[in-house]
Amino acid sequence: MTYALVAGVLFGLYFSLVGIGLNLVFGVMRIVNLAHGDMLMLGAFIAVGVVGIFGIDPLFAVPLAFVIFVLAGLLLYWVLVPRLQGSANPEMLSIILFFGLSQVVEAITTIFAGTSERSIQSRLLGTVFTTIKVKWFGGKAGGAGPIQIFGQGFPAPWVIAAITSLIAIGFVYLYLYHTRLGTLTRAVMSRRDEALATGIDVDRVSAAAFGIGLGLAAVAGVFAPFMFGSVTPAFGADATVTSFAIVVLGSLGNPLGTALGGVVYGVFYMLVQTYLSSWADLLPYVLLILILLLRPSGLLGRRVRVA
Amino acid sequence: MPNALKHLLFILVPLIVVFAVLPGVYQNHLLLFNFVIFLILAQGVNIIYGFTGYLPFGYVGFFGAGAYGFAIMVMHLQTPAALAVLVGGVVAVLLGLLLTPLLRLSGAYFAIANLAASLAVLHFVANPALEGITKGPYGVSLTGTFNPENAYYAALVVLALTVGGVIYLKNSAFGLALQAVREDAVSASMAGVDVIKMRVIAWLASALVAGLAGGIYAWYVSVFYPDNVFSGDFSIFAIVFALFGGVATITGPIVGVLILYGIYNLIGFTTPQYFQLIYGLLIMGLVLFLPAGLVSLATRRGWHVP
């Protein structure tokens with residue numbers, strides 16, 4: 001029981017990181033980024049590449065993936081979004097547009113990387129910490145063993161991923177509530193038209209949110225090989241559905257609600273997997289539908305239901 | 001001559017005749033069958049998305065439910081295939097009824113909830129705990145009813161009914177009311193349209209169509225796994241085909257299927273990832289440059305497209 005709960009919280013924090021980028025994009029632009037899971041997948045491939053080429057700790061892939069994807073996001077934004085916003089029904093068409101994008105990403109990755117599963121030895125993650133420990137405090141070198149929490153051992157990568165997620169969510173909070181651009185972002189989130197009318201450069205704010213959203217997805221992707229065992233180019237589609245479940249749980253359009261949604265999802269997932277494993281696959285979807293119907297604004301959030 | 005009759009004579013009849021004659025001239029029977037199935041599904045999407053604006057991202061849920069309704073009737077009750085297909089349609093309608101609360105959601109929320117619903121049905125059917133009823137993830141084999149010729153003609157009948165339904169929507173007060181609801185539900189209800197009833201009827205009609213198609217698909221292929229008949233590709237393909245041609249028209253989805261599924265078969269089988277690339281780019285180009293579909297090329301010039 002303790003194991004399932006703690007593992008649920010660890011996974012949940014990671015899941016929050018998976019969902020938060022998607023939510024930021026939806027909240028600001030009312031765009032459903034169906035290619036979100038593919039950004040995760042690409043982030044995972046960056047991690048695989050960093051390990052494969054340099055043989056260093058995959059944690060170094062985190063800033064690299066973030067920067068690359070923020071830039072890619074800005075570029076993609078200017079190519080795709082203004083044109084989409086001009087159409088009759090951007091919310092619906094965005095689903096289809098980003099489905100197309102996810103097909104393109106998956107196809108290109110398959111062409112260059114093949115369909116085989118990629119994984120990273122989990123002891124490589126966090127080697128930077130053990131190296132520092134060995135250099136400064138002595139002691140024996142080698143991979144990090146299981147980390148003890150409440151008397152139970154958990155794989156080190158889970159803990160590291162959870163901590164990184166917390167830090168990332170903290171940064172999102174700082175960005176949204178303590179920077180000027182973040183305040184403008186929240187203004188656009190709550191009323192796009194009025195924000196435009198007050199002279200806010202909505203396009204610039206949206207582009208920043210889009211870039212950050214993609215960057216966060218890629219950071220989450222770096223840990224995907226450790227959390228899910230391995231990644232393939234086709235892994236993106238499943239990740240997208242899971243992200244949606246988390247985001248809707250928390251509430252669409254409220255990035256910080258996602259943190260709560262992720263933890264709730266993680267704990268539920270671990271509990272069901274422990275006690276009712278054959279029904280575990282069904283859970284996220286049923287949970288998603290129930291939440292949408294009973295409390296459509298998510299656990300934290302404003303009213304969204306119409307008619 | 002009234003418009004409805006014109007549409008029947010010049011769209012429905014030629015379409016059915018061509019697909020009824022083709023098996024005699026063209027050898028790849030399975031390919032023709034898939035064309036018919038996608039024509040049905042694209043028109044089913046057209047009914048719900050084109051006329052009410054709800055994007056059924058988990059449309060395959062009805063298709064799979066129909067296939068499994070068919071399979072269960074044949075496996076456990078040894079019903080004749082044609083009857084089992086009807087049961088498949090009924091199962092899909094029941095699933096549609098179960099999911100009517102989703103219609104309260106709007107926009108992307110509906111699409112996501114519908115996707116989740118279809119995945120929930122998939123995992124329900126594929127659950128090893130239900131092996132006694134659905135055979136769980138191990139798939140079903142229905143060699144007793146295997147009869148591709150009859151299944152093909154049954155599919156043609158369903159296609160005729162579906163296209164007929166769309167012709168009705170296009171030419172009736174009911175279809176007009178639906179489109180009014182799509183554009184502005186509040187104004188439509190002020191004008192005396194029973195919004196909820198309209199939406200539910202369209203929703204169940206499109207569920208019925210997909211369920212019948214699923215039953216016939218099960219009849220035709222006779223051996224399948226849950227992942228086959230609940231494959232998200234069915235939803236996506238049907239939606240993209242319908243959109244590519246242009247929704248809320250009779251001809252749009254037909255043109256979309258013939259062109260896109262034709263391209264798919266030309267290049268898709270040999271090099272799937274290149275097809276996926278072209279397909280993705282095509283979809284993106286479509287949304288960015290032709291959001292109202294191919295028919296908008298004609299309507300922009302002021303031509304009327306049925």
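Please treat every number below as a calculation from the coordinates, not as lab data. What you see is a predicted model; the values in this text were computed from it and never measured. Neighbour counts are summed over all protein chains in view; Cβ atoms, including those assigned to glycine, are modelled from backbone coordinates with ideal geometry.
By the beta-carbon count within 10 Å of each Cβ, the least crowded to most crowded order of B:W219, B:W303, A:W78, fewest first, is B:W303, A:W78, B:W219. Computed from the Cα positions only, the extents of the range B:198-306 along the three principal axes stand at 48, 42, 19 Å, in decreasing order.
Which chymotrypsin sites (Phe, Trp or Tyr not before Pro) does the range B:1-71 hold that lie in a coil by DSSP with at most 12 other beta carbons within 10 Å?
Details: sites: B:F10, B:F19, B:Y26, B:F33, B:F35, B:F38, B:Y49, B:F51, B:Y54, B:F57, B:Y59, B:F62, B:F63, B:Y68, B:F70; in loops: B:Y26, B:Y54, B:F57, B:Y59.
Listed in order of number, the matching sites are B:Y26.
Counting only residues at least eight positions apart within a chain, or on another chain, there are no aspartates and glutamates with an alpha carbon under 13 Å from that of B:K197.
Across chain B, the mean sequence separation of Cα contacts (distance under 8 Å, 6 or more residues apart), normalised by length, yields a relative contact order of 29 percent. A Gaussian network model of chain B, with springs between Cα atoms under 10 Å, assigns the largest mean-square fluctuation among B:I254, B:I267, B:I40 to B:I267.
Helix-derived [θ] at 222 nm for chain B: sum -39500 (n - 2.57) over DSSP H runs of at least 4, divide by residue count, nearest 500? Numbers along the way, then the final one.
Values: 17 runs with 215 residues, N = 306.
Computed ellipticity for chain B at 222 nm equals -22000 deg cm²/dmol.
Which residues make up the longest stretch of chain B that has no trypsin sites (Lys or Arg not before Pro) in a DSSP loop with at most 11 other Cβ atoms within 10 Å? No qualifying site falls inside B:1-299, the longest such stretch. Just checking the listed ones, B:P101, B:P148, B:P226: in the Gaussian network model of chain B with Cα springs under 10 Å, the one fluctuating most is B:P101.
Under conditions of 20 °C and 1.002 mPa s, the protein assembly as shown yields 84 µm² s⁻¹ as its translational diffusion coefficient, taking Rh as the Kirkwood radius over Cα pairs in the Stokes-Einstein equation. Remark: mean inter-chain Cβ contacts per residue of A:86-97 equal 6, using a 10 Å Cβ-Cβ cutoff to other protein chain atoms.
Between the C-alpha center of the range A:74-107 and that of the range B:105-154 there is a gap of 30 Å.
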